[in-house]
Every structure is written in structure tokens, then in C-alpha cells.
Amino acid sequence: MTSTNGLLNVEQLGMRFGGIQALADVCFSVDQGSITALIGPNGAGKTTVFNCVTGFYRPSSGTICIESGGVLHDLTQVMASKLNGGSHRISQVGIARTFQNIRLFKDMTVMENLLVAQHRLLNRNLLAGLFQTRGYRQAQQNAIARALDWLEVVGLRDCANRLAGTLPYGYQRRIEIARAMCTQPQLICLDEPAAGLNPRETEELAALIQTLRAKHKVTVFLIEHDMGLVMGISDHIVVLDYGRVIAAGTPAHIAESPAVIQAYLGVAEEETAQEARA
Ligand SMILES: Nc1ncnc2c1ncn2[C@@H]1O[C@H](COP(=O)(O)OP(=O)(O)O)[C@@H](O)[C@H]1O
Ligand SMILES: [Mg+2]
């Protein structure tokens, strides 16, 4: 089932936590240049897929391959290398992510948050930093310029010197996207980016995600509960339920899939109530 233009190919992915089989035999691919959504009821295993794909978890079984620079990289091999931290290695093959629960350094400025993300990737040479070599200063200037560029794209350039933790929730979500983009990924994984946003902010987010793909040529892999957003911007949707893929296809195909409707019926009331509270 491997697609020929699959940037990310996941085959028979399994993840077990003690007695819980969180993922079983999960296969899908994310095409280069696509917006691909991963949906499913709470607890279906969506974030666990992201944690495997972004190197936070080592899968119990299966393979995850990403193409980078014309070469196929097996992520389990990338992670097995002990030379550097896992997320650093994952950055090198061009994967970045945001988190379901925002993970900014709240007591740092927005700019500092964006610089930390880049320093992990770009300049690990402590001596160069201590002696402020020309190369280091240049890298620092490039990092600041890149951070400002991405803040501009997400519409928050004015907030560069504000403390991240003092900003509204919707801003923090966009800063996480800017931070991920600062590492110049080819694939960005967004875990429920619309959670907690109001309808206007959600529309702005949809436009931003489309801009990332169209103008900045990044492939987008998206977990999201907001079906309007998912149906509106996705090329391809993968549906998980109880750790298994129950359907995959275009938004039109998914909207009519009996298995998907069945999976959502059981949680429809709970989620409607959650949305009403949000
Ligand atoms: N680190 C972990 N340890 C134990 N169980 C986990 C861990 N992460 C996820 N799980 C379990 O895996 C299942 C899927 O969780 P998750 O991937 O967060 O679902 P989703 O993102 O679709 O809501 C749940 O039963 C959850 O409790
Ligand atoms: Mg989740």
C-alpha cells in the first residue's frame, strides 16, 4: 500500500504500554506536499502515532520511513543512534511538531523560545559560543532573522519580546507553529492546533496551514477534532479507532464511510458537549 510519492511511510506500526495495545498494525502514508489529517475519537492513539513519528517513543513494532534529500531514512535507525538527542536527530531528517498541550517556555520571551529551538539544531558547538566566533555570531543573526520571519508569517512579529506565558492561548498555539517552522522542517506535525481556539481563530489557523503548504512548501500532518477544519483543508484523511486504521481517503470518502460514522456516533454526544463548553 506504499504510495510512490509518500514522504512519510508508516508500516505495521505497533505500540504497547504495559498491557495496553495503543497501536496495532497501523499503516498509512503522508504524500509529499499534502495536508494529511489523522482523526479519531479520544484515546484512539493519534498522539501516540505522532510520538512515534517524531521520535518521542520507540515503537514496539513496525517501520516509519521518511524521505530526506533523496534518501529513505528508517526512523527507528535514526533514533538508535546514540550520538545526539532523539528530537535533534528527528529535526535533521526534517520533522518538526507542535504539542496537544502547549509546551513553550512560559518565562522566556517569544524570541528566546524560537532561538532555543534553533540552537538545539544549528549550533551545538559550545566553544564557538563562548568565544563568540564570527561563525557563531553569524549563526545567531541568521537565527534571529529566521525567527522574525516566521513570527511575521504567523502574524505575531510584534510579540517577539513578550513573555510567552503572558500571551493569549491562540497566540501561543501560533508561536508553537513558528517555533516548529524555525527548524526548517519538510514535515510539520500539528497535534490539535485548533483546540481552544474560537471560530475566527480557527479560520485564521486554516489559512495559515494552507499558506505553510502552498508558499513554504512544507508537508502538513495534522491531528484535529474540528471536522470543519479537517474537511476544509485536508487532501487525505486517516481515521484511527482503538489503535487501528479503520478508514483512509479523501474528505468526501471519509464523510460517507460507515465505519467512521459508527466510530464517531458513540462519542458524538460527549464531543458536542465538550465543544459547547470550549
Ligand atoms: N505514555 C503512555 N503510557 C501509557 N499509556 C499511554 C501513554 N501514551 C498513551 N497511552 C495510552 O494510549 C492510548 C492512546 O492515547 P493517545 O495516543 O493519547 O490518544 P489520542 O491522541 O487519540 O486521544 C490511550 O489509551 C492512552 O491512555
Ligand atoms: Mg491526543
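Every read-out reported here was derived from the displayed coordinates using simple, explicitly stated rules and does not represent laboratory data. Model, not experiment: these values are computed from the prediction. Note: ideal-geometry Cβ built from the backbone for every residue, glycine included; neighbour counts use all protein chains shown.
Observations
- Relative contact order [Cα under 8 Å, 6+ residues apart], the stretch 102-184, whole percent: 50
- Pairs of Cα atoms nearer than 8 Å and 6+ residues apart set the relative contact order; for the chain it is 25 percent.
- Taking label points 7 Å from Cα along the Cα-to-Cβ direction, residue 162 and residue 42 give a separation of 2.9 nm.
- Whole-Hz Karplus values for the stretch 64-79 come out as 10, 10, 10, 8, 9, x, x, 10, 7, 10, 8, 4, 5, 6, 4, 6 Hz, taken residue by residue from phi with 6.51 cos²θ - 1.76 cosθ + 1.60 and θ = phi - 60°; glycine and proline positions read x.
- Scattering profile of the stretch 102-184 at q = 0.16, 0.25, 0.26, 0.27 Å⁻¹ [log10 I(q)/I(0), Debye over alpha-carbon scatterers]: -0.56, -1.14, -1.21, -1.27
- With a Förster radius of 25 Å applied to the beta-carbon distance between residue 92 and residue 216, the computed FRET efficiency rounds to 0.85.
- In this structure, the amide hydrogen of residue 97, modeled 1.01 Å from its nitrogen in the peptide plane, lies closer than 5 angstrom to those of 189, counting only residues at least 5 positions away or on a different chain.
- Both radii are taken from the alpha-carbon atoms of the chain; with Rh as the Kirkwood radius, Rg/Rh is 0.97.
- Straight-line reach from residue 215: taking Cα to Cα under 14 Å and skipping same-chain neighbours fewer than 8 places apart, the aspartates and glutamates in range are 149, 152.
- Here is the list for the stretch 14-117: trypsin sites (Lys or Arg not before Pro) lying in DSSP coil, each with at most 15 other C-beta atoms within 10 angstrom of its C-beta, are 82, 103, 106.
- The helix-only estimate of mean residue ellipticity at 222 nm for the chain, built from DSSP H runs of length n ≥ 4 each weighted as -39500 (n - 2.57), is -13000 deg cm²/dmol after division by the residue total.
- Residue-span extension gain [residue 198 to residue 68] - 0.36 nm each, minus C-alpha spacing: 43.2 nm
- When the square roots of the Cα gyration tensor eigenvalues are ordered a ≥ b ≥ c, the ratio a/c for the stretch 150-225 is 1.5 or more and a/b does not exceed b/c, which makes its shape oblate.
- Amide H to amide H distances under 5 Å link residue 22 with 15, 16, 17, where only residues 5 or more positions off or on other chains count and H is placed in the peptide plane.
- Once the Cβ-Cβ distance of residue 17 and residue 101 is raised to the sixth power relative to R0 = 22 Å, the FRET efficiency obtained is 0.75.
- Distant-in-sequence amide H partners of residue 68 (H built 1.01 Å from N, under 5 Å): 73
- A simple spin-label model places pseudo-atoms 7 Å from Cα toward Cβ; at residue 259 and residue 152 they are separated by 4.6 nm.
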